[in-house]
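> One structure follows; several queries about it will come next.
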Amino acid sequence: MRAGLLDRMVNQAGEVSITRARIDADVKSMQGSLGDLTDSLERMRRQLRDIELQAETQISSRIEAAKAALQTFDPLEMDRFTRFQELTRFMAESVNDVATLQRSLQRTLQSTEDELAAQARLTRELQDDLLRTRMVEFESASDRLYRTVRQAAKETGKQVRMEIIGGAIEIDRGVLERMTGPFEHLLRNCVAHGIEAPAVRQAAGKEAAGLVSVTVAQAGNEVAVDVADDGAGLDQSRVRARAVERGLIAPDSRISDDELSQLIFMPGFSTAETVTELAGRGVGLDVVRAEVNAMGGRIETHSEAGRGTRFRLLLPLTTAVTQVVMLRCGELQVAVPSTLVEVVRRVPSAEVERGYAEGQIDYSGQHVPFFWLAALLQAGTRGEVAGRNQVVVVIRSASQRVAVHVDEVVGNQEVVVKNVGPQLARLPGLAGVTLLPSGAVALIYNPVALASVYAEQVRERLRLQPAAQAEQAQAQPAPTRTPMVMVVDDSLTVRRVTQRLLSREGYRVVTAKDGLEALERLAEERPVVLLSDIEMPRMDGFDLVRNVRADPRLAGLPVVMISSRIAQKHRDHAAGLGVDHYLGKPYSEEELLSLVARYAGADIQT
């Protein structure tokens, strides 16, 4: 089967998956709207029942009053009240009709969900079958690998035999083709640097012929390829001397052998005395790690003196579909392969501030390099540290870890990976690109690879930031975080309308349905202004203002009361509690926006 046609079919299956994900997102949105409709119907039923009870009470009281006065009931009044009762009954019927439609929509939506789930299963099976046709046995590349070892042994005058274990394991053709070059590089490295000359091996009690093995095993949705030799192992003292010579580590630094082994992957790092075509061509192993990272994989090294060196490459089973974790930093959304995410933590803000100051954070007894994720992508230097806790994600690639501060972990999802093309393929840390259900483009990054390239630049910018801000304080004020406004109202419609209005103006909006929920939110973060209704369940607006004014941290918080109660006694009572402004419903949008802008501006200046 033609490879081009097969790739095109896999891409089309990926497009079907993306479209299905969009439909799924729309269905979830409809579910949310239907839930809101159900809540609104319940409220309408309760309010209609209250109206009926009030009407019956008024009619009964009027009849009793008329009987007491020995008067006949006015026919016009009877007509009026009878008509009022008719209207309430018509409204009840209308509510029941809407409820019938709502139940019908629920049934249709449930059916759509079931069909979507079935379609997702069929799409997954189609995708799996198509991907299976792309799979080839690892042994299909064995001729090239055997030839590489034979040629390297011949050029070095060494006796080397090679074996492939698990060659029947299948791997994506694209992955294998792209990684064959790095495999050859590692094999040449094993022969040139690892395997000793026959006389040296015999003197050490080994067989004259050295062994280079390639072991392939499948682990979940990854393939582990171990390239190992039984040679002398890494010369740790020579690696340390070369690292000190290049300024990678301090002469008196204490680092483990495994950490020292990772230095051989640094760009241009080589322990070879002379540059030859065989011994890395003076390039070193950085090209191997770059290719592995570009595939969304990782590489680990383990060496024992006199017993040999093992390189373990963990590669994706296929590059067409993968699981990613979506991370948000401000407006920026970045995808990170799920296999790289070790843990997501809620860290106290004080610890995050200390992490920014020291450039590292404690995790499992280790000092892990710490960064604002967007800073590694050249977008800002550090994130906002507002509230009690912050989200920190620990990323692990091979034996290296970094901790990144993010605003939010959006979630885990399966995505179709798109080819970035030759122009972007060599960008550090970029593992691919995908389309989200919303239609937005998301880049898939390996933060560990980003940190290995840009760590010093990020830390330098972070060190220079306070000085630069001091110099430019007069000419250019420092950027401020987006002002937050809190809206407290028991009406879902009012909350949403006000939220949309303020969001359009660039404010962050937090909503609460009553005073108790508002106090919980206020304990997390202080807004620039509080917009509150009066009549709410559990805790009304007046009690909320009393609690706010009694809290020393919130005593100066501007409060704008928005209520349909516009009598002067309500206004006077609110003013007595310390309300800064009182608006009646329906309020003027321009007036509300000007009030919020005024209080937000005062907060920024202070």
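The values are calculated or read from the model by the stated rules, or taken from the named source; none is laboratory data. Just so it is clear, the model here is predicted, and its values are computed rather than measured. Neighbour counts are summed over all protein chains in view; Cβ atoms, including those assigned to glycine, are modelled from backbone coordinates with ideal geometry.
> From the list V579, V548, V559, V528, exactly one residue is under 27 Å from E331 (Cα atoms), buried (at least 19 other Cβ atoms within 10 Å of the Cβ) and out of contact with any Lys or Arg (no Cβ under 6 Å at 6 or more places or on another chain). Which is it? Even if it seems obvious, please write down each step before you answer.
Values: V579 fails: under 27 Å from E331 (Cα atoms); V548 fails: under 27 Å from E331 (Cα atoms); V559 fails: under 27 Å from E331 (Cα atoms).
Matching residue, one of V579, V548, V559, V528: V528.
> Another question, if that's okay. For the list (1) in a helix (DSSP H, G or I); (2) modelled with pLDDT under 80, I need the number of the one condition that M1 fails.
(1)
> Another question, if that's okay. Is one or more of the residues making up the stretch 209-226 small (G, A, S), at pLDDT 80 or above, in a loop (DSSP other than H, G, I, E, B) and crowded, with 17+ Cβ neighbours inside 10 Å?
Restricting attention to the stretch 209-226, the residues satisfying the condition of being small (G, A, S) are 209-210, 213, 217, 219-220, 224.
If we keep only those that are at pLDDT 80 or above as well, we get 209-210, 213, 217, 224.
After this cut, where a residue has to be in a loop (DSSP other than H, G, I, E, B) as well, the list is 209.
Next, from what is left, pick out any that are crowded, with 17+ Cβ neighbours inside 10 Å: none.
No: zero hits.
> Is the stretch 152-174 home to any residue that is buried (at least 22 other Cβ atoms within 10 Å of the Cβ), hydrophobic (A, V, I, L, M, F, W, C) and within 35 Å of the chain's Cα centre (by Cα)?
yes
> S237 passes all but one of (1) surrounded by 12 or more Cβ atoms within 10 Å (Cβ to Cβ); (2) more than 18 Å from L313 (Cα to Cα); (3) of a type in the set (S, T, N, Q); which number fails?
In the conditions (1) surrounded by 12 or more Cβ atoms within 10 Å (Cβ to Cβ); (2) more than 18 Å from L313 (Cα to Cα); (3) of a type in the set (S, T, N, Q), S237 misses (1) alone.
> Then there's this: Would you check if there is a residue in the stretch 333-340 being surrounded by fewer than 16 Cβ atoms within 10 Å (Cβ to Cβ), under 19 Å from the mean Cα position of the chain (by Cα) and either more than 19 Å from E460 (Cα to Cα) or in the same structural domain as D128 (by TED's automatic domain parsing) (or both)?
Taking every residue of the stretch 333-340 in turn, at least one turns out to be surrounded by fewer than 16 Cβ atoms within 10 Å (Cβ to Cβ), under 19 Å from the mean Cα position of the chain (by Cα) and either more than 19 Å from E460 (Cα to Cα) or in the same structural domain as D128 (by TED's automatic domain parsing) (or both).
> Restricting attention to the stretch 113-125, report how many residues are touching a residue at least 24 places away in the same chain (Cβ under 8 Å) and over 28 Å from the mean Cα position of the chain (by Cα).
Summing the residues that are touching a residue at least 24 places away in the same chain (Cβ under 8 Å) and over 28 Å from the mean Cα position of the chain (by Cα) in the stretch 113-125 gives 0.
> Can you tell me which of R132, R147 is closer than 29 Å to G194 by Cβ, charged (D, E, K, R) and surrounded by fewer than 15 Cβ atoms within 10 Å (Cβ to Cβ)?
Going through R132, R147 in turn, the sole match is R147.
> Go through the stretch 361-378 residue by residue and tally those that are surrounded by fewer than 17 Cβ atoms within 10 Å (Cβ to Cβ) and over 17 Å from A449 (Cα atoms).
Residues in the stretch 361-378 being surrounded by fewer than 17 Cβ atoms within 10 Å (Cβ to Cβ) and over 17 Å from A449 (Cα atoms): 5 in total.
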